[in-house]
Structures are given as C-alpha cells and as structure tokens.
Amino acid sequence: MKALVLKKYGGNEALEIRNLPEPAMRSDEVLVEVHAAALNFVDIKIRNGNMRPMLNYDLPLVLGNDVAGKVLRVGARVTRFKPGDEVYGSVDKKRMGAFAEYAAVAETDLALKPRNLSFVEAVSLALNALTVHQALNGIAHAKPGQRVFIKAGSGGVGTLAIQYAKAIGLEVATTTSTGNVEWVRSLGADHVLDYKKEKFENVFRDFDIALDSVDNDNPARAVQILKRGGHLIALAGPPDAKFAREFGLNPLFQFVCYLLSFRETWISEWAGVNYSFLFIKPSGQQLAELGELFENNKIKPVIDRVFPFAEFRQAFEYLEAGRAKGKVVLSIR
Ligand SMILES: NC(=O)c1ccc[n+]([C@@H]2O[C@H](COP(=O)([O-])OP(=O)(O)OC[C@H]3O[C@@H](n4cnc5c(N)ncnc54)[C@H](OP(=O)(O)O)[C@@H]3O)[C@@H](O)[C@H]2O)c1
C-alpha cells in the first residue's frame, strides 16, 4: 500500500510516499480502506519533532490522525463494526497511520459515518468536533445561555467551535481578520471582532468560557474577558501540570509543564478563572453521539481545500501558512 512516511523529524523534505505492507491489525482493531484523511496542525508539530516530549515515536512512521473509509476486515474481539461499514474517526496519537491506503484503527476510536456526508466531509469533522465537545462539555460543562469566546473563528477548530456552541445554545463571540468577518458571521457567531483592528480584551466582557486555539499568542489575554469562575481552555498550549500528570508524563516533564504554564495558571488563579490545557482524546462513542448534529445539518463541514494524496507536500505547506478557512483534507482514493 502507499503510505506517507516521516523519515526523520524536520520539514516537508522529511516526508515521502512509500510502498509498505498493509498494517498488522490487532484483535480489537479494524482494517480500514482509507478514502480520505484530514490534515491537522498536530501533524505538522509531530513532523517537526515538537511533540517529542509527549509522544516519542520510532521512525520511520506513517503519519495521519483523522481517517474515513470502509471497513475491510475486523479483529477477533471487534463487536461494533463489520466489513463494508463506512466509518470515520480520529485515531490514537500513539498509533496514527491515517495517511495511507489502509489503516489499522481501534474500534473504540471509530464511529459509523453520518449517512448525509461524504468521506471527505466526515473526516473533516473528526478531530475538531471531538476537541470542541471535550472542551465545552467535558471541561467547561457549558449550559444554554452561557457566553463563549472562540479565538480564531475561521480556523479548523474555530469553524467547528462556533457551530457546536450555537447548537448547544451558547452566545458566541469570535475574532478573525478583515476579509473573513462576514463569512465567520454566516457560521452563526453573534459577535465578530476584526483582530487586525481591535484587541478583543478591549471590547468583550463577562464571558463564561474562552477557547484559545492560536499558536504564539498569549492565551492569558482572555482572562480579562472572563467572569470569576469562568474557564480558559487552551488548545495550542502551554500544557499544564494537571494535563502532564493525566497524560502519564514523567515527573521531570510534569515540572516542565508546570513552569511552561506558570504565567497562565497564576494569572487565571489570581482572577478566579480555571485554566486548562486540553489534548483531544479519540472517542468513537462521542463521535456517534455528535452524529445527530451532523445528520441534522446543525454542524456542517467547513472544508477549505482537498488535495490529492500525491500532493501531500502542498497540503502541508498550505495548512502551515496558517490562513486556512476550515479544514484541509487529503483524498486518498
Ligand atoms: N490540543 C488539542 O487537542 C488541539 C486540537 C485541535 C487543534 N489544536 C491546536 O489549535 C491550533 C489551531 O488549529 P486549527 O486547525 O484551527 O488551525 P488553522 O485552521 O490552521 O487556523 C488558521 C486560522 O487561524 C486564524 N488566525 C491566525 N492567527 C489568528 C489570530 N491572532 N487571531 C484570530 N485568528 C487567527 C486564521 O485566520 P486569518 O487568516 O483571518 O488570520 C486562519 O483562518 C493549532 O495549534 C492546533 O495544534 C489543538
């Protein structure tokens, strides 16, 4: 099978398509004939080696976290899927392998593909739908009527977060650049601020939740717009000590995470706000629960570009430029 392999940590020159044997399937896994795979920023961070303190891979490695395709075979202990089922999911980061013609995926990471969506559409939802669900429900326990600030409403996370927040009855404020303001409003945001013209902390007040998914921008800025008892949830870092403990990092890295997040944790505590770093956990069960929102068009896929598998380098470059409006997807077959 053709598979996108990371040879060594680095830039796009470290990636190549190779012919490999089909992946060995464990008894709790299914073998998926991959039709589409979504690109995520974490793929770039893994390629660069930035995730090494958390995820120590043996190279060469087949990349890819988000997968959609048809079940070809199932392991002896698999109970929820059968050959021919159309599935999608975000796979365990310790396993990966979605950028390939076949992927072995734990059945617990997969859900049946919503009937109204193509493979490309379904795969575009997987990681980010789980992320916003785990942030707004799992961490913040959001309730209808509450107010959420979503930084970067035009990105892969932001486009999903706006739609999900509206679907569960939240009031949504977001930021984007001048050219995207009306487009982001059309996704359902109640308040849209052009971050090129104004600072959100000078305009917004009294929010219950802030979701920050912008790299290299201080997440603690959002503390100023949150109520006491509110939640600041950071997706792009810095990781905190609680996350490091739960993720099973050794005491040295737990301490490093404590230091990395000291500013955010301290400023949040001082303002009576809860700071959390979220690292998405795969869950086919949660995707199945979200399926109704997808089938009822309450959440629609927002896809910026679909690249053929052979053009993976262009796809990585496009996402890495940081201007994507929604998701970037690889069409595998
Ligand atoms: N921890 C987790 O579990 C988890 C899960 C998902 C994602 N993430 C992380 O979240 C981050 C974002 O991911 P993504 O897929 O959403 O990225 P993305 O799609 O590449 O984000 C690009 C978008 O960000 C917007 N943007 C850039 N700088 C901005 C700023 N200062 N203010 C407002 N908008 C800005 C751009 O809009 P303009 O062109 O208008 O500037 C563009 O539309 C990445 O670091 C990713 O690793 C983490």
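Close amide-amide hydrogen proximity is noted between Phe277 and Ala234, Asp240, Phe243, each under 5 Å apart and 5 or more residues distant or on a separate chain (H modeled in the peptide plane; Pro and chain starts excluded). Other residues within the sphere of radius under 14 Å centred on the Cβ of Asn180, judged by their own Cβ, net out at +3 (K and R +1, D and E -1).
All other residues whose Cβ lies under 10 angstrom from that of Ala189 are scored, Lys and Arg at +1 and Asp and Glu at -1, for a net of 0. Rounded, prolate or oblate: which one fits the stretch 242-297, using the alpha carbon gyration tensor with axes a ≥ b ≥ c (rounded when a/c is under 1.5, else prolate when a/b beats b/c, else oblate)? Oblate. With coordinates expressed along the principal axes, the C-alpha atoms belonging to the stretch 196-333 extend over 51, 41, 33 Å, beginning with the largest. Shown for the stretch 1-94: lysine pairs separated by 8 or more places, or found on different chains, whose C-alpha atoms are under 29 Å apart, numbering 20. If you count Lys pairs in the stretch 97-230 whose Cα atoms are under 17 Å apart, skipping same-chain pairs closer than 8 places in sequence, the total is 7.
Backbone geometry of the stretch 29-43 corresponds, through the Karplus equation with coefficients 6.51, -1.76 and 1.60 at θ = phi - 60°, to 3J(HN,Hα) couplings of 10, 10, 9, 9, 7, 7, 9, 8, 9, 8, 8, 10, 4, 5, 5 Hz, x marking Gly and Pro. With the contact rule set at Cα under 8 Å and sequence spacing of 6 or more, what percent relative contact order holds for the stretch 221-333? So the answer I get is 24 percent. From the largest down, the stretch 39-156 spans 45, 36, 25 angstrom on the principal axes of its Cα atoms.
Packing around the peptides 238-245, 129-136, taken as the average count of other Cβ atoms within 10 Å per residue, puts them in this order, highest first: 129-136, 238-245. With contributions of -39500 (n - 2.57) from each DSSP H run of at least four residues, the per-residue ellipticity at 222 nm computed over the chain stands at -7500 deg cm²/dmol. Pairs of Cα atoms nearer than 8 Å and 6+ residues apart set the relative contact order; for the stretch 106-210 it is 24 percent. Expressed in units of 2.2 N^0.38 Å, where N is the residue count, the Cα radius of gyration of the stretch 73-223 is 1.22.
The angle between the Cα long axis of helix 251-260 and the main principal axis of the chain comes to about 40°, on a 0 to 90 degree scale. Note on Lys227 and Arg80: with the Förster distance fixed at 45 Å, the Cβ-Cβ geometry gives a FRET efficiency of about 0.65. Summarised as an ellipsoid, the stretch 1-91 has semi-axes of 26, 14, 13 Å, derived from the eigenvalues of the Cα gyration tensor scaled by 5 and square-rooted, with the largest first. Relative intensity of the stretch 265-333 on a log10 scale, I(q)/I(0) at q = 0.18 Å⁻¹, equals -0.94, per a Debye sum over C-alpha point scatterers of equal strength in the absence of solvent. Taking only the Cα atoms of the stretch 1-52, the radius of gyration and Dmax are 13.0, 35 Å. Two-decimal Rg/Rh of the stretch 141-233 from alpha-carbon positions, Kirkwood Rh? Ratio value, two decimals: 0.92. Across the chain, counting alpha-carbon atoms alone, Rg and Dmax equal 19.4, 58 Å. Short-range pairs are left out: with C-alpha atoms under 8 Å and at least six residues apart, the relative contact order of the chain is 19 percent. To the nearest ten degrees, helix 156-167 and the longest principal axis of the Cα atoms of the chain are 70 degrees apart.
No lab work stands behind these numbers, since they all come straight from the coordinates. Only a predicted model underlies this, so the values are computations on that prediction, with no experimental measurement involved. As a convention, Cβ positions derive from the backbone with ideal geometry for all residues, glycine included, and neighbour counts pool all protein chains shown.
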